[in-house]
Amino acid sequence: ILAWRARGGRVACAFGKVVCDSMVPMEGGPGHRNMADWLNHSIESVRGTDTLLLIKPHPHELKNEIGSFLTEYFRDLIVGELPDNVIYLGHDWFDLADMKELIDVGTVFNGTTSTELALLEIPGILCSHFAPIDYPIGQIVPRDRDHFRRLLCGEEETKLAPDVPLRAATWMKYLSGNDRIRDYRYHSRQITNKVVSPPYWFREDMAEYILNGDPNIDIIVDELMPKRSDARAS
């Protein structure tokens, strides 16, 4: 990778996502039907060019406590053989922070990687309809399929606006602050894709709520069902 860059070649990276972890109302983006289409188009876009494409699978694919018992992996989305200028990375070869010295641009269908790239001052191309909505920090959004190809291969400039890293830091602070995070420990449920135990209630928490209420629950109800909060109070 370093040798490719040293001779003046361009290096891009397509950052993977756990395939089943896409909580959006619909698939697709301005240039792609779905995540598989985006990944395969990325591969075909660089074929025969001076752009080296790295494909980095999400490390959570191998973390049993998060993505256990997956039935489909990011690599399964790839159709056909990879060209010589495409490298499918191992899950643990690089941390995201390592990519700052290795790549010129990153591309993400959707996910928090778009924010992390901005913090590292790496231009990111966001390809899902919902990526710029979920992460409204000013990363690059392609207009259509060919525009994405030109951005990925460097035929069109992929320059990070000066304030994007600060926007990313502000967005992360906002999402993790007290205005967004609510304490909640009333029930437990598994986070794997295989049934290993039934969900259960923390009965002591439920008893405390029945006796004294919980301002965090009131806030959650008001945010999610504002019309219901008046009825609940009455």
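Among 69, 148, 15, the largest mean-square fluctuation in a Gaussian network model of the chain, built with springs joining Cα atoms closer than 10 Å, belongs to 69. The long axis of helix 215-224 is offset from the longest Cα principal axis of the chain by roughly 60 degrees. Take every Cα pair under 8 Å whose residues are at least 6 apart in sequence, average their separation, divide by the length of region 30-153, and the relative contact order is 31 percent.
Region 108-203: D in µm²/s via Stokes-Einstein (Kirkwood Rh, Cα pairs, 37 °C, 0.692 mPa s)?
My calculation gives 207 µm²/s for D.
In the chain, the convex hull through the Cα atoms has an average projected area of 15.8 nm², a quarter of its surface area. Highest average first, the peptides 54-63, 88-97 ordered by how many other beta carbon atoms sit within 10 Å of their residues are 54-63, 88-97. To the nearest ten degrees, helix 203-212 and the longest principal axis of the Cα atoms of the chain are 60 degrees apart.
Against the main long axis of the alpha-carbon atoms of the chain, helix 164-176 sits at an angle near 20°. Each peptide in 130-140, 161-171 was scored by the mean count of other Cβ atoms within 10 Å over its residues; highest first, the order is 130-140, 161-171. Structure shown: which of 17/159; 56/100; 63/159; 100/159 lie over 22 Å apart, alpha-carbon to alpha-carbon? Among 17/159; 56/100; 63/159; 100/159, the Cα-Cα distance tops 22 Å for 17/159; 63/159. Of the candidates 75, 150, 185, which one comes out as most mobile in a Gaussian network treatment of the chain with C-alpha springs shorter than 10 Å? The residue that fluctuates most here is 185. Using a probe of 1.4 angstrom, how much of the accessible area of the chain is carbon and sulfur, in percent? The nonpolar share, carbon plus sulfur, comes to 54 percent.
The values are calculated or read from the model by the stated rules, or taken from the named source; none is laboratory data. None of the values given here were measured: they were computed from a predicted structure. Here the Cβ is made from the backbone with ideal geometry for all residues, glycine too, and neighbour counts use every protein chain on show. We work out accessible area using only protein heavy atoms, side chains counted, and drop any ligands, DNA or RNA first. Shrake-Rupley method; radii C 1.70, N 1.55, O 1.52, S 1.80 Å.
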